[in-house]
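One structure below.
The values are calculated or read from the model by the stated rules, or taken from the named source; none is laboratory data. Values in this document were obtained by computation on a predicted structure and should not be read as measured data. Heads up, the Cβs are rebuilt from the backbone with ideal geometry, glycines too, and the neighbour counts pull from every protein chain shown. Remember, those area values only see protein heavy atoms, side chains included, never the ligands or the DNA or RNA. Shrake-Rupley method; radii C 1.70, N 1.55, O 1.52, S 1.80 Å.
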Amino acid sequence: MRTPSNPNPERKNPRGSLDGIRVLDLSRVLAGPLCTQMLADHGADVVKVEPPAGDDTRWLGPPFEASGDAAYFSAVNRGKRAIGLDLARPEGKAVLLHLLEQADVLVENFIPGTMKRWGLDYEADLSARFPRLIYCRISGFGADGPLGALPGYDAVLQAMCGLMSINGEPASGATRIGVPIVDHLTGYTALSGILMALHERHRSGRGQAVEATLFDAALSLLVPHAANWLSSGATPELLGSAHPNIAPYDKFMCGDGEIFLGILNDGQFRRFCDSVGCPELAADPRFVSNALRIAHRPELRSRIEEVLSACSRQALCQRLMQCGVPAGPVNTVAQAFGQAHTQHRRMVVERDGYRGVGLPMRLSRTPGTPGSSPPGYARHTEEVMAAAGIPAREVAALRDSGALPDRPRR
């Protein structure tokens, strides 16, 4: 078992739960980099290996940071060391194989078949040579099947897998969910698979391949819509912000803005009615059960908005939450990060010119810590090469050959 070390001197608190785990991150854009950033936040030493052109998200702006990289890149690449490497060149492949001798995990999200073309296929080339390696491949659709090896992008998968069809108002039609939710879940799926494989390796001593696809992740998000369709055969329809199985579970207008009510059961509905001064609403035969409230959804919405029109949303939400009725204002992003509870939960990281989102998972003894600021392209080449035992003269020769670029070639 490897003795915990701190190969990344920029990390101030290396003793996270994954301290001693070394990761080679060949991924770009979102799902893979998000996965490896979470590994880094919890102590893993992550080396970001970028192609000669660099990670596309470095240029997906404005806005751009003072470093010249887009804010998008900074969102998912903190805590990593960075090198550039041309894996299409034999010299670049040789460097990667050298780095793999010390690695526990490799993460890549190339189009399926790319690594095989370079002689870096897990099953054919790497598994026997590196028997303890956890190899995580992230792709749009997987390597085979009717859609196998095709490129995948979040919004396209939202469309193909039915997510857009249940998001939006009837007047607007199917609408993309406003965050890259498929990429995000795929990153978490990859993270979970890596952690399970690392746990299993303690028992068997062997690595294995972990696969996460945007297609599978997107379909898994259809809760409860897939179950509703599988049970009833009825195709789910657009409901705006409403829930197909619960009412009132929707967005409503108050006198000074919108709120969201999350009323799950009859007891909460009665408490809501009492709190807003209309107990008779809970006794209305049309609304005495969830099934009846769904059957009379338009009438229920009209009555609720009539009652709420005179309410201040902040005061109302506070009162409802205190009596056990889930409710919250519909905030902007700025308002969401301006909440006192956001600060209390340490969900904003601010230091040395870097601002980012805090850690969404915490452990009691090894809570993790936001890693160093996102790296410039190939910033840590000498450091990573030296740690791998590659002499300076070979590094210079690799640079001359183009296999080890020190700036992105666009």
Unique match (being of a type in the set (D, E, K, R) and either surrounded by fewer than 23 Cβ atoms within 10 Å (Cβ to Cβ) or out of contact with any strand residue (DSSP E or B) (no Cβ under 6 Å at 6 or more places or on another chain) (or both)) among 45, 55, 25: 55
Close pairs from region 234-248: first of a type in the set (D, E, K, R), partner assigned to a loop (DSSP other than H, G, I, E, B), Cβ under 8 Å, at least 6 apart: 237/170
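Checking the condition farther than 21 Å from residue 171 by Cα, without any contact (Cβ under 8 Å) to a residue 40 or more places away in the chain and either open to solvent by 20 Å² or more (accessible area, probe 1.4 Å) or touching a helix residue (DSSP H, G or I) at 6+ places or on another chain (Cβ under 8 Å) (or both), which residue from 228, 290 passes?
It is 228.
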Candidate set from region 175-214 (those that are closer than 23 Å to residue 333 by Cα and in a loop (DSSP other than H, G, I, E, B)); member that is most open to solvent (accessible area, probe 1.4 Å): 176
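Yes/no matrix, rows are residues, columns are (1) touching a Lys or Arg at 6+ places or on another chain (Cβ under 9 Å); (2) in a helix (DSSP H, G or I); (3) surrounded by 12 or more Cβ atoms within 10 Å (Cβ to Cβ):
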{"residue": "368", "(1), (2), (3)": "yes, no, yes"}
{"residue": "384", "(1), (2), (3)": "yes, yes, yes"}
{"residue": "389", "(1), (2), (3)": "no, no, no"}
{"residue": "394", "(1), (2), (3)": "no, yes, yes"}
Some residue of region 315-335 being part of a loop (DSSP other than H, G, I, E, B), in contact with a Gly (Cβ under 7 Å, 6 or more places away or on another chain) and either of a type in the set (D, E, K, R) or more than 16 Å from residue 255 (Cβ to Cβ) (or both): yes
Number of the exception - residue 95 against (1) out of contact with any Asp or Glu (no Cβ under 7 Å at 6 or more places or on another chain); (2) buried (at least 21 other Cβ atoms within 10 Å of the Cβ); (3) not in a helix (DSSP H, G or I): (3)
Neighbours by Cβ (under 7 Å, 6+ apart or cross-chain): first from region 37-49, at positive phi; second open to solvent by 10 Å² or more (accessible area, probe 1.4 Å) and of a type outside the set (S, T, N, Q): 43/14; 43/15; 43/16; 43/18; 43/19; 43/368
